[in-house]
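The values are calculated or read from the model by the stated rules, or taken from the named source; none is laboratory data. In this text, all values refer to a predicted model and were calculated from it rather than measured experimentally. Positions of Cβ are backbone-derived with ideal geometry, glycine not excepted, and every protein chain shown enters the neighbour counts. Side chains included, ligands, DNA and RNA excluded: accessible areas come from the protein's heavy atoms. Shrake-Rupley method; radii C 1.70, N 1.55, O 1.52, S 1.80 Å.
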Amino acid sequence: MSPPRIVVIGAGFAGLYALRRLERRIPRGMADLVLIAPNDYMLYTPLLPQVASGLLTPQSLAVSLHRLLHRTRMVPGSAIGVDTEARAVIVKKISDEITYEPYDRLVLAPGSLTRVFDIPGLTEHGFGNKNLAEAVVLRDHVLAQLELANATRDPVEREERCRFVVVGGGYTGVETAASLRRLTEEAARRYPDLRPDINWHLVDIAPRLLPELGPRLGEESLELLRSMGIEVKLEVTVREATENKVTLTDGRVLPCRTLIWTAGTSPSPLMGSLGSATDRGRLIVGADLTVPGHSEIFAIGDAAAIPDLSKSEEGATCPPTAQYAERQGRVAAENVIASLLRRPMRDFLHRDMGLVVDLGGRDAVARLPGYDLAGLPAFAVTRAYHLWTLPSAPARARVGANWLIRALTGGEVARLGFAHGKPSTFVDIEAAHYLGPQAVRQESARLLDSVPV
Ligand SMILES: Cc1cc2nc3c(=O)[nH]c(=O)nc-3n(C[C@H](O)[C@H](O)[C@H](O)COP(=O)(O)OP(=O)(O)OC[C@H]3O[C@@H](n4cnc5c(N)ncnc54)[C@H](O)[C@@H]3O)c2cc1C
């Protein structure tokens with residue numbers, strides 16, 4: 001009998017930690033481990049705003065999978081559909097070839113995409129900050145605006161290029177606004193005349209910033225952002241965006257050429273291809289992480305709606321954070337093994353350990369169990385936390401070295417040339433063509449007839 005095939009989709013926090021546990025616990029030759037992922041690295045997303053600001057090089061957050069996984073067969077591509085009847089995943093390889101991977105056990109961990117609302121002009125003119133390409137493009141675009149503002153004699157163009165609007169008061173938006181504000185401040189040393197014209201705005205539809213941190217730290221972060229010169233406007237969002245202006249829902253018109261959209265994420269559309277129940281796009285699973293009616297399929301991370309057993313409210317689900325995804329990965333691996341051995345599976349239970357938010361420079365806020373921290377202690381905890389949770393020693397060394405180099409030599413504000421011509425929008429960067437349940441069955445039938453296993 002051939003060994004069981006365990007297929008994992010996605011190598012982020014959830015998928016990587018599931019595979020590491022599977023490699024450690026399953027003796028060699030007892031199972032075939034397969035990973036379907038578009039990239040051969042795991043992206044440590046919590047530090048992405050520091051790539052956008054240039055504090056970290058992009059490579060330092062791309063943690064090599066080859067270093068961490070030793071007997072997993074990697075299929076470079078994206079899963080575009082799952083045929084639960086044929087037990088096969090349809091894959092679009094990075095070469096554009098369409099193929100399939102059969103499975104005995106499947107772990108779905110494809111994460112999420114930037115959530116786009118139906119706001120006129122948003123997809124054409126908005127910038128995201130959710131992957132390395134977006135972070136690098138964003139940094140180049142911001143630096144290019146200052147160079148162009150400095151070069152023009154037109155005061156209107158200058159005003160537009162010197163204004164930056166960030167939408168989203170969660171940790172991604174706050175960290176992105178704070179770190180890029182510092183970047184423009186640093187870059188403006190070259191253009192002292194521009195300094196008074198540089199304007200940063202942060203808007204959010206919610207009444208508070210960083211609701212995950214509680215009211216006290218939310219208020220503290222708001223004060224910090226304002227002291228950095230960022231104009232924060234709450235209970236407001238974007239009504240329309242064009243190439244050179246953003247109109248807010250309170251009627252205010254901001255002439256600007258940079259709209260950074262970080263207002264939430266939506267689960268990978270792959271979850272819709274199974275034809276199973278979803279909750280706002282997240283695949284609904286039980287506390288043992290299996291899909292109801294499919295004990296061979298597990299779903300974890302941002303794309304799964306997992307009951308939060310640590311909360312007393314009915315229907316509470318786990319938050320979409322790296323902290324949860326990593327732990328769900330380990331439990332999914334244990335349950336995959338238990339299901340192969342026909343042993344009982346365990347439920348996922350984790351109590352939130354808090355959140356750290358880096359506001360650039362030496363500013364940070366941190367909520368730990370029983371403690372709220374701000375200022376230097378929060379900064380130290382934030383940096384130590386990231387060094388501890390980065391998944392490999394070389395990645396820790398690279399990130400630590402980047403921080404040290406910056407502390408000793410100051411920043412480099414050179415543009416890399418990625419945003420020449422029409423910059424890519426987050427919609428271009430995240431584009432993929434997922435199949436609906438019916439198209440999955442047609443494509444799968446065609447592939448099963450024509451492609452050898
Ligand atoms: C800028 C930013 C800052 C953040 N800061 C924090 C923080 O400070 N603390 C915190 O806890 N969380 C933070 N998060 C959230 C955290 O990154 C996510 O909750 C976490 O990454 C979820 O893990 P995941 O494995 O579900 O998804 P991801 O880590 O996003 O991984 C998904 C993986 O699946 C791959 N993939 C996607 N689609 C497919 C497909 N169709 N086929 C195959 N592979 C696919 C992707 O390439 C990726 O490798 C932050 C997120 C962002 C964007």
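Data table
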read-out	value
Subset of segment 1-27 that is modelled with pLDDT of 95 or more and more than 16 Å from the ligand (Cβ to nearest atom) - its residue that is surrounded by the fewest Cβ atoms within 10 Å (Cβ to Cβ)	27
Meets criteria (more than 14 Å from the ligand (Cβ to nearest atom), surrounded by fewer than 19 Cβ atoms within 10 Å (Cβ to Cβ) and not in a loop (DSSP other than H, G, I, E, B)) for residue 190	no
Scope segment 312-345; condition more than 14 Å from the ligand (Cβ to nearest atom) and touching a Ser or Thr at 6+ places or on another chain (Cβ under 9 Å); matching residues	316, 335, 339, 345
Of all residues making up segment 346-366, the number that are open to solvent by 60 Å² or more (accessible area, probe 1.4 Å) and either away from the ligand (no atom under 12 Å from the Cβ) or not in a loop (DSSP other than H, G, I, E, B) (or both)	5
Residues satisfying the stated conditions in segment 111-154, i.e. among the β-branched types (Val, Ile, Thr), within 16 Å of the ligand (Cβ to nearest atom), in a helix (DSSP H, G or I) and modelled with pLDDT under 95	136, 137
Matching option when the condition is surrounded by fewer than 19 Cβ atoms within 10 Å (Cβ to Cβ), within 15 Å of the ligand (Cβ to nearest atom) and closer than 30 Å to residue 181 by Cα, among 62, 52	62
Scope segment 367-391; condition over 22 Å from the mean Cα position of the chain (by Cα) and open to solvent by 70 Å² or more (accessible area, probe 1.4 Å); matching residues	369, 370, 371, 376, 377
Long-range neighbours under 8 Å by Cβ, at least six apart or interchain, first residue aromatic (Phe, Trp, Tyr) within segment 39-60, second open to solvent by 30 Å² or more (accessible area, probe 1.4 Å) and not in a loop (DSSP other than H, G, I, E, B)	41/64
Count of segment 296-313 residues which are within 17 Å of residue 267 (Cα to Cα) and either touching a Lys or Arg at 6+ places or on another chain (Cβ under 7 Å) or of a type in the set (Ser, Thr, Tyr) (or both)	3
Index of the failed condition, residue 212 passing every other in (1) outside the structural domain of residue 16 (by TED's automatic domain parsing); (2) open to solvent by 60 Å² or more (accessible area, probe 1.4 Å); (3) in contact with a helix residue (DSSP H, G or I) (Cβ under 8 Å, 6 or more places away or on another chain); (4) assigned to a strand (DSSP E or B)	(4)
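The rows are residues; the columns are (1) of a type in the set (D, E, K, R); (2) in contact with a strand residue (DSSP E or B) (Cβ under 7 Å, 6 or more places away or on another chain); (3) not assigned by TED's automatic domain parsing to the domain that holds residue 18.
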| position | (1), (2), (3) |
| --- | --- |
| 96 | yes, no, no |
| 100 | no, yes, no |
| 104 | yes, yes, no |
| 108 | no, yes, no |
| 126 | no, yes, yes |
| 130 | yes, yes, yes |
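Quick grid of which residues meet (1) without any contact (Cβ under 8 Å) to a residue 24 or more places away in the chain; (2) more than 18 Å from residue 7 (Cα to Cα):
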{"position": "256", "(1), (2)": "no, yes"}
{"position": "262", "(1), (2)": "no, yes"}
{"position": "269", "(1), (2)": "no, yes"}
{"position": "299", "(1), (2)": "no, no"}
{"position": "306", "(1), (2)": "no, yes"}
{"position": "316", "(1), (2)": "yes, yes"}
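Table: residues versus (1) within 16 Å of the ligand (Cβ to nearest atom); (2) hydrophobic (A, V, I, L, M, F, W, C); (3) crowded, with 17+ Cβ neighbours inside 10 Å.
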| residue | (1), (2), (3) |
| --- | --- |
| 262 | yes, no, yes |
| 265 | yes, no, yes |
| 271 | yes, yes, yes |
| 275 | no, no, no |
| 283 | yes, yes, yes |
| 288 | no, no, yes |
| 291 | yes, yes, yes |
